[in-house]
């Protein structure tokens, strides 16, 4: 996919994400646009993060979140993580890295603290 500044994005490594109503929009885009490799909708108040593969199998995934100041991740399941505050990367574990086309997996986490505004990103491979 060509960007306005001329950069080319690899469609097979692209993901979409959104929270609450934007999560529903991200899910719809991921289902209907076969160029999207991963879809990660997040519902408000949810600690589970579903990850959906697009039209091709995904072999490995990474979710990156920059937490607001004062917020931290206290526990996690079904993923590895790079830290607990600031910018945190979650990566697949051995049993959930390969996602067949049209299928999904998920991981979960618990956190503490307060703050507003967080935009996760996801990538395949």
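Residues considered: 91, 87. Of these, the only one that is closer than 13 Å to residue 49 by Cβ, in contact with a strand residue (DSSP E or B) (Cβ under 9 Å, 6 or more places away or on another chain) and modelled with pLDDT of 90 or more is 91. Annotation note: of 51, 76, the sole residue that is in a strand (DSSP E or B), under 15 Å from the mean Cα position of the chain (by Cα), surrounded by 13 or more Cβ atoms within 10 Å (Cβ to Cβ) and at pLDDT 80 or above is 76.
Under the condition of being out of contact with any strand residue (DSSP E or B) (no Cβ under 7 Å at 6 or more places or on another chain) and either surrounded by 13 or more Cβ atoms within 10 Å (Cβ to Cβ) or closer than 15 Å to residue 125 by Cα (or both), the residues counted in the range 96-115 number 0.
The single condition among (1) closer than 17 Å to residue 49 by Cβ; (2) in contact (Cβ under 8 Å) with a residue 12 or more places away in the chain that residue 82 does not satisfy is (2).
The values are calculated or read from the model by the stated rules, or taken from the named source; none is laboratory data. This one's a predicted model, so the numbers in the text were calculated from it and none came from an experiment. Note that we place each Cβ from the backbone using ideal geometry, even for glycine, and neighbour counts take in every protein chain shown.
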